[in-house]
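Participant: Got a structure for you, questions after.
The values are calculated or read from the model by the stated rules, or taken from the named source; none is laboratory data. Everything quoted here is computed from the prediction, not taken from an experiment. Cβ placement follows ideal geometry from the backbone for every residue including glycine, while neighbour counts extend to all protein chains displayed. Heavy atoms of the whole protein, side chains included, go into the accessibility calculation; ligands, DNA and RNA do not. Shrake-Rupley method; radii C 1.70, N 1.55, O 1.52, S 1.80 Å.
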Amino acid sequence: MQYHLNGYRYGDPSIQEAAAGREGAQGPLPESVDVLIVGTGPAGTVLAAQLAEFPEIDTRVVERRQGPLPVGQADGVSCRTVEMFDAFGLAPTLLNEAYWVNETTFWSPAPGNRDEITRSGQIQDVADGLSEYPHVIVNQARMQEMLLEKAAKSASRLQVDYGFKALGVEIPEDPDAPVTVTLEETDEDGRGTGVTRTVRARYVVGCDGARSVIRTSIGRSLHGDAQNHAWGVMDILPVTDFPDVRKKAVMQSASGSLLQIPREGGNLVRYYVDLGDLPEGDRSVRDRTTYEDILTAAQKALHPYSLDARDVAWWSVYEVGQRVTDGFDDVSAELVGTLDPRVFIAGDACHTHSAKAGQGMNVSMQDTYNLGWKLAAVLQGRSPNSLLATYSGERQRIAEELIAFDKQWSRMIGSKASDVTAQDVESHFVAGGRFTAGLSTVYEPSLLTGGTEHQGLATGFEVGARFHSAPVIRVADAKPEQLGHVHEADGRWRLYAFGDAADAGEEGSALRALLAFLDESPESPVRRFTPAGAADDAVFDVRAILQQDHHEVDLNAIPQFLFPAKGTLGLRDYEKVFSAEKTNGRLLGSVPGLEATADIYDLRGIDRSQGALVVVRPDQYVAQVMPLQAHAELTEYFASFMLEQQ
């Protein structure tokens, strides 16, 4: 974290200096804004935290409740979501508070007595090498609180306007005219008071849940099937003799299925309890089921172990169903490419599914992490409006993949023990490990994602997949670092230049030639697409990874482009040059058995002779793997969706 760039600063460095005009209170909801976010669920709070990084963009967030969510329904946090939280600077807090899912155990009917369960398997929850971060459990409400605190501490000082619900959206025919959103003030119970007002916005993002008014207003609807199967869920403080009470456990008993998820805080536990099949069209299960019914079903499934609930934090009943919309914005299929979207939906507003795959909150957050940087690029005038069409194009397919996985997993753990064995469940769990870790997303070749013709230069950085971090040493101060952790949620592109065999300080180095091109050529994307007067790294954050030991690197021989002047004082940035030397396991996430023998070149399959340029999108996905010499190709890539700035 760099916070003395404009002079010495005293106090909490996580609180940014307020931007001009943002020093005081936010003020009442204005008549017009750049972006209006409707809803403060997982998708809405991620978008708020991201757009808050751009004080020049007028963003407002409305929520029908009178205050923050007190108790969240979602709780599973995938490895990928923790990686994203790291980009917001929130991973340390998240990990400190969370329950870490280290092992998952599997239970099935005992061979000699099917009325009792016995442990039939146990596995490490996240396979080695998938991520430097674990799978954790944290209440949805707390995660949203972290994100909203991040927004409030930003230079924008963005806060939520509570007490407003959306009634509808009007989209004018004029593509340059703002969208009009009608809002109604709400009471303490979230019900409308009859007092309405309108807000004009250049862009509207509906993060308003499965009953989304924004979705309905743009003519979208959820399509899919109900599985006619009911589950109860409860968060309780139990007293039990079940030996795996502090481990994630999947249980197949003669009386039904049970999924146990320990929660944060040391004692809280969540149980998903199989309540059985429903008659087709039966929608009264919520009304006729009590908390006592859920607890009794859980106690039967745990037999011969006892379960006593000393306190109940929350409980609910739901029917399993999987639904997705046919588009995530207001442009119909026949008009894609001729109209640019102005209204978007995200999260439960465009995909709903069961909770047991643990992906709902995670995928919702990734929706708006995808959208946020694109909105910023367009509103800052760095990219054309057409860039926004890639949001629906990319995220709808991911939602469909989630629905397919959720259907399989729901059927697997919702089946009777006589139909599916614990070994079947365990095998399916292992096979879906990358999916449940949030790491299965691979964006297809498109405007933003290149092909695989140069993938061999860096086989471990799969084009279209998230950037898989690995350990390095920062040269200037010898600090062990995860390379992926330099990526902040600030809308910038990352260019990771892995040096070739030649010394970067000498002529003949392909890395040196690339840095000279980026710095000096008028055709450089840095020169063509960075606004006049902005810092060299305002749009493109270029990092170099050298093969030499950090003790052998002469910083004064490295091109000065890697030490850009920053802030009003023109101070040098010493954090852009790294050594690929081994870190001896000093960093979380090293691969067992490889820490002392492999560096990032080995771990990620980087060609030591030629080096590689890995281009990473603002949302941490690999866009391109290129040769260091591909200067013209690099500029051509960015020219396809960026606007000239000078």
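Participant: Could you list, ordered by first residue, the pairs with Cβ atoms under 6 Å in which the first is in the stretch 195-221 and within 12 Å of V38 (Cβ to Cβ) and the second is surrounded by fewer than 22 Cβ atoms within 10 Å (Cβ to Cβ) and small (G, A, S), at least 6 apart or interchain?
Facilitator: Going by the 6 Å Cβ cut-off, the qualifying pairs are S217/G168.
Participant: The conditions are (1) in a loop (DSSP other than H, G, I, E, B); (2) of a type in the set (D, E); (3) over 30 Å from V136 (Cα atoms); (4) open to solvent by less than 30 Å² (accessible area, probe 1.4 Å), and D244 fails exactly one of them. Which is it?
Facilitator: (3)
Participant: List the strands (runs of 3 or more DSSP E) inside the stretch 467-554, counting only whole elements, that have at least 3 residues being surrounded by 19 or more Cβ atoms within 10 Å (Cβ to Cβ).
Facilitator: Because the criterion is at least 3 residues that are surrounded by 19 or more Cβ atoms within 10 Å (Cβ to Cβ), the strands (runs of 3 or more DSSP E) in the stretch 467-554 that meet it are 471-474, 493-498, 540-546.
Participant: In addition: Would you mind telling me which numbered condition in (1) touching a strand residue (DSSP E or B) at 6+ places or on another chain (Cβ under 6 Å); (2) outside any loop (DSSP other than H, G, I, E, B) D293 fails?
Facilitator: (1)
Participant: So in the stretch 87-141, with the set limited to residues that are open to solvent by less than 20 Å² (accessible area, probe 1.4 Å) and of a type in the set (V, I, T), which one is farthest from Q252 (Cα to Cα)?
Facilitator: V138
Participant: Being of a type in the set (G, A, S) and in a loop (DSSP other than H, G, I, E, B) is the filter here, so list the residues in the stretch 312-357 that pass it.
Facilitator: G327, S332, G337, A346, S354, A355, A357
Participant: Let me ask another. Of these, D537, D500, D490, which one is under 19 Å from A630 (Cα atoms) and acidic (D, E)?
Facilitator: D500
Participant: Could we say that L158 is touching a residue at least 40 places away in the same chain (Cβ under 8 Å), over 20 Å from V71 (Cα atoms) and surrounded by fewer than 18 Cβ atoms within 10 Å (Cβ to Cβ) here?
Facilitator: Spelling it out, it is not the case that L158 is touching a residue at least 40 places away in the same chain (Cβ under 8 Å), over 20 Å from V71 (Cα atoms) and surrounded by fewer than 18 Cβ atoms within 10 Å (Cβ to Cβ).
Participant: To continue, here is another question. Against the definition (among the acidic types (D, E), in contact with a strand residue (DSSP E or B) (Cβ under 6 Å, 6 or more places away or on another chain), at pLDDT below 95 and in a loop (DSSP other than H, G, I, E, B)), how does E595 come out, yes or no?
Facilitator: It is false that E595 is among the acidic types (D, E), in contact with a strand residue (DSSP E or B) (Cβ under 6 Å, 6 or more places away or on another chain), at pLDDT below 95 and in a loop (DSSP other than H, G, I, E, B).
Participant: Restricting the first residue to the stretch 502-530 and requiring it to be under 17 Å from A612 (Cβ atoms) and touching a residue at least 24 places away in the same chain (Cβ under 8 Å), which pairs with a second residue that is open to solvent by 50 Å² or more (accessible area, probe 1.4 Å) and part of a loop (DSSP other than H, G, I, E, B) meet a Cβ separation below 6 Å and a spacing of at least six or different chains?
Facilitator: Short answer, once both residue conditions are applied: A510/Q629.
Participant: Collect the residues in the stretch 201-214 that are touching a helix residue (DSSP H, G or I) at 6+ places or on another chain (Cβ under 6 Å) and surrounded by fewer than 22 Cβ atoms within 10 Å (Cβ to Cβ), keeping them in residue-number order.
Facilitator: G209, A210
Participant: Among residues belonging to the stretch 297-311 that are open to solvent by 50 Å² or more (accessible area, probe 1.4 Å) and outside any helix (DSSP H, G or I), point out the one that is nearest to D274 (Cα to Cα).
Facilitator: That would be H303.
Participant: Next up: Provide a single number: the residues in the stretch 437-466 that are in a loop (DSSP other than H, G, I, E, B), small (G, A, S) and either open to solvent by 20 Å² or more (accessible area, probe 1.4 Å) or within 20 Å of R543 (Cβ to Cβ) (or both).
Facilitator: Number of matching residues: 6.
Participant: Exactly one condition in (1) of a type in the set (A, V, I, L, M, F, W, C); (2) in contact with a strand residue (DSSP E or B) (Cβ under 8 Å, 6 or more places away or on another chain); (3) touching a residue at least 60 places away in the same chain (Cβ under 8 Å); (4) over 25 Å from A437 (Cβ atoms) is false for A377; which is it?
Facilitator: (2)
Participant: How about the stretch 312-339: which of its residues are buried (at least 20 other Cβ atoms within 10 Å of the Cβ) and of a type in the set (D, E, K, R)?
Facilitator: Passing the criteria: D329, D330.
Participant: Test A177 against the criterion of being in a loop (DSSP other than H, G, I, E, B), under 23 Å from the mean Cα position of the chain (by Cα), surrounded by fewer than 19 Cβ atoms within 10 Å (Cβ to Cβ) and not acidic (D, E), and give yes or no.
Facilitator: Here the answer is no, as A177 does not meet what is asked.
Participant: Let me ask something else about it. I'd like the full set of residues that are surrounded by 11 or more Cβ atoms within 10 Å (Cβ to Cβ) and among the aromatic types (F, W, Y), limited to the stretch 1-56.
Facilitator: Hits for the stretch 1-56 are Y3, F54.
Participant: Write out, first by first residue and then by second, each pair whose Cβ atoms fall under 7 Å of each other, whose residues are 6+ apart or on separate chains, and whose first residue, in the stretch 313-329, is within 30 Å of N267 (Cβ to Cβ) while the second is among the hydroxyl-bearing types (S, T, Y) and at pLDDT 90 or above.
Facilitator: W315/Y291
Participant: Just the residues that are under 35 Å from the mean Cα position of the chain (by Cα) and either assigned to a loop (DSSP other than H, G, I, E, B) or surrounded by fewer than 14 Cβ atoms within 10 Å (Cβ to Cβ) (or both), please, taken from the stretch 263-280.
Facilitator: Those that are under 35 Å from the mean Cα position of the chain (by Cα) and either assigned to a loop (DSSP other than H, G, I, E, B) or surrounded by fewer than 14 Cβ atoms within 10 Å (Cβ to Cβ) (or both): R263, E264, G265, G266, N267, L268, D277, L278.
Participant: Now for a different question. Within the stretch 215-241, work out how many residues are under 20 Å from D75 (Cα atoms), hydrophobic (A, V, I, L, M, F, W, C) and open to solvent by less than 40 Å² (accessible area, probe 1.4 Å).
Facilitator: Of the residues in the stretch 215-241, 5 are under 20 Å from D75 (Cα atoms), hydrophobic (A, V, I, L, M, F, W, C) and open to solvent by less than 40 Å² (accessible area, probe 1.4 Å).
Participant: In the stretch 117-136, what residues are outside any loop (DSSP other than H, G, I, E, B) and within 13 Å of G433 (Cβ to Cβ)?
Facilitator: Residues satisfying the conditions are I123, Q124.
Participant: Right, another one. Residues of the stretch 598-646 being over 26 Å from V472 (Cα atoms) and at pLDDT 95 or above, which ones?
Facilitator: Within the stretch 598-646, A632, E633, T635, E636, Y637, F638, A639, S640, F641, M642, L643, E644 qualify.
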